[in-house]
Amino acid sequence: MPPSSRPTLHARLLSHPGGRYVIEEEEFAAGDGVERSCRVAISDYRIGPTKREAAVLYYDFLQLMTGLLMAETHWQSVALPIPKLAFRTFEPREQRYEGCVVRTIGSISLETHDITVTTAEISGCSGPSMLSGSTA
């Protein structure tokens with residue numbers, strides 16, 4: 001299930017005081033442990049990104065992805081096109097413990113300029129909590 005449809009076990013926000021962006025870390029119940037998700041979000045959702053901000057952030061995401069692809073440590077995942085949305089997804093060539101796949105997705109709405117960057121473990125992963133230090 002997508003992280004947004006499951007109850008969060010643990011969550012943490014990281015930001016600089018007065019910063020425009022936050023990093024949201026979340027953990028969800030999975031098997032005997034937890035799955036993790038981390039995303040970059042605007043600190044005040046009422047003030048969306050400008051067209052320029054969104055373009056710069058998406059460009060930075062593409063630069064990061066391209067560097068990892070060129071280093072051959074990651075590969076670009078196949079993603080079906082979604083109307084009015086530009087997005088790319090990639091994942092490490094090496095899986096984590098127990099065959100766990102970690103995928104990063106960057107997307108930008110071509111209408112509202114909302115941008116989302118999320119890195120999350122794909123279903124089937126579970127391990128100890130990194131936020132609480134225990135299992136689910």
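From the residues in region 1-37 that are polar (S, T, N, Q) and over 19 Å from P49 (Cβ atoms), which one is modelled with the lowest pLDDT?
Keep residues of region 1-37 that are polar (S, T, N, Q), which gives 4-5, 8, 15, 37.
The next check asks that each one be over 19 Å from P49 (Cβ atoms); those that pass are 4-5, 8, 37.
Details: S4: 53, S5: 63, T8: 74, S37: 82.
Looking at the filtered set, the residue picked out is S4.
Collect the residues in region 79-106 that are within 16 Å of the chain's Cα centre (by Cα), in a strand (DSSP E or B) and of a type in the set (V, I, T), keeping them in residue-number order.
T89, V102, T104, I105
Look through region 44-78, keep the residues that are of a type in the set (D, E) and assigned to a helix (DSSP H, G or I), and return whichever of them is surrounded by the most Cβ atoms within 10 Å (Cβ to Cβ).
Here the residue is E53.
Of the residues V56, V34, which is among the hydrophobic types (A, V, I, L, M, F, W, C), over 18 Å from L131 (Cβ atoms) and over 14 Å from the mean Cα position of the chain (by Cα)?
Checking each option against the conditions leaves just V56.
Within region 16-28, is there a residue that is of a type in the set (G, A, S) and in a strand (DSSP E or B)?
no
Take the residues of region 85-113 that are modelled with pLDDT of 85 or more and among the acidic types (D, E): which is surrounded by the most Cβ atoms within 10 Å (Cβ to Cβ)?
Restricting to residues being modelled with pLDDT of 85 or more and among the acidic types (D, E), the top hit is E91.
The values are calculated or read from the model by the stated rules, or taken from the named source; none is laboratory data. The structure displayed is predicted, hence computed values, not measured ones. Counting neighbours? That spans all protein chains shown, and the Cβs are built from the backbone with ideal geometry, glycine included.
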